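The values are calculated or read from the model by the stated rules, or taken from the named source; none is laboratory data. The structure presented is a predicted model; accordingly, all values stated were derived computationally and were not measured. All Cβ positions, glycine included, derive from the backbone under ideal geometry; neighbour counts span all protein chains shown.
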Amino acid sequence: MSHEAPQACTACRRLKRRCSRNLPICSLCRRLGKDCEYPSHTSQGSSSDGWTYGLFQGPDHPFPPQFFLDQDLHSPLHTTQLSWSSKPELKFHALKHLDVDTPTFYNEYASKVHIWLPMLTGKRLLDDGIESSEKTDACHFVLLLCMKLCIEKPNDVPSKSTSYIAAKSLCAAAEQAEYLSLRLVQSLVLLTFYEICHGIQPAAFMTISKSARMGSLIDTPTWTASEEARRTWWAMFVLDRYMLMDINGLPFSVPDPATEELLPVNDIDWDTGKAVASESLYTSSISNNTVLGPFASYAKRQIS
């Protein structure tokens with residue numbers, strides 16, 4: 001039988017002292033003549049170090065592990081039916097870092113990031129907003145935090161930014177809890193964008209790999225969602241190729257596009273919400289009625 005407690009006692013935690021964890025009383029409390037109390041397992045969710053406990057309870061509709069044993073059984077299901085969640089824990093912790101003016105925030109993101117990486121639909125962002133319904137994907141608020149991260153000016157050490165640490169932690173918590181949604185993938189893409197821009201390696205290399213693996217499980221039901229997922233995939237592709245442009249010996253995280261792959265629609269049509277046909281990547285000729293946007297043109301040039 002163990003004679004050590006699994007956690008430091010309350011007094012040592014409060015004083016930030018190393019605890020011997022002896023039972024029934026630690027050495028510091030014995031020396032000071034204090035009552036020694038150890039936190040119970042049932043209080044984990046309310047402890048200051050256990051703020052992510054609620055996140056690890058998992059989504060409302062967990063992704064079925066049988067998918068990897070019998071793909072045909074589950075491939076017709078959309079991810080919105082599988083493992084997105086409206087649980088409030090992600091929203092609660094993300095909003096603590098999201099004291100923003102919504103219109104100004106979106107406009108600044110559009111001018112600084114969206115113009116270079118146009119994967120998000122403004123209409124959907126505005127519909128979901130900051131104050132959303134219970135049906136909103138909880139990872140939406142993690143995405144908002146990652147958007148804020150990409151437009152704010154970091155301190156002298158970008159990897160120590162409060163927003164970066166919070167965004168990274170929430171993405172990791174959502175992943176650990178087996179959340180799976182397009183919003184979480186997009187959050188990881190924006191994290192990669194931030195890490196590449198500030199030279200945070202090998203974190204960027206690892207983050208783009210996670211987003212690509214997670215993105216391969218995504219299937220979406222509407223044109224807007226399908227186009228947004230496609231643009232997210234192309235954003236991953238572009239960042240992956242850019243990051244490894246002058247590096248030999250490391251594998252790409254995002255595979256080359258399939259022969260039937262479609263390019264992103266024109267950026268102007270996308271931003272205005274106009275539903276138009278996508279141009280095939282490997283078409284022999286571009287239609288006279290089709291105008292490739294800057295994002296599609298740049299993505300096409302990255303094909304090896």
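Any idea which of R213, R231 is modelled with pLDDT under 95, surrounded by fewer than 16 Cβ atoms within 10 Å (Cβ to Cβ), of a type outside the set (S, T, N, Q) and within 24 Å of A174 (Cα to Cα)?
R213
Give the residue, chosen from E152, E195, that is modelled with pLDDT of 90 or more, closer than 19 Å to S211 by Cα and acidic (D, E).
Of the residues listed, the single one that is modelled with pLDDT of 90 or more, closer than 19 Å to S211 by Cα and acidic (D, E) is E195.
Having 1 or more residues that are over 15 Å from the mean Cα position of the chain (by Cα) and touching a residue at least 24 places away in the same chain (Cβ under 8 Å) is the bar; report the helices (runs of 4 or more DSSP H) wholly within region 170-270 that clear it.
Where helices (runs of 4 or more DSSP H) fall fully within region 170-270 and carry at least 1 residues being over 15 Å from the mean Cα position of the chain (by Cα) and touching a residue at least 24 places away in the same chain (Cβ under 8 Å), they are 182-197, 223-243.
Only one of (1) part of a helix (DSSP H, G or I); (2) crowded, with 24+ Cβ neighbours inside 10 Å; (3) not basic (K, R) fails for C150. Which number is that?
Status for C150: all satisfied but (2).
Somewhere in region 114-123, is a residue assigned to a helix (DSSP H, G or I), surrounded by fewer than 15 Cβ atoms within 10 Å (Cβ to Cβ), charged (D, E, K, R) and at pLDDT below 75?
yes
Out of the residues in region 280-304 meeting the condition of being at pLDDT 80 or above and of a type in the set (F, W, Y), tell me which one is surrounded by the fewest Cβ atoms within 10 Å (Cβ to Cβ).
Filtering region 280-304 for residues that are at pLDDT 80 or above and of a type in the set (F, W, Y), the one surrounded by the fewest Cβ atoms within 10 Å (Cβ to Cβ) comes out as Y298.
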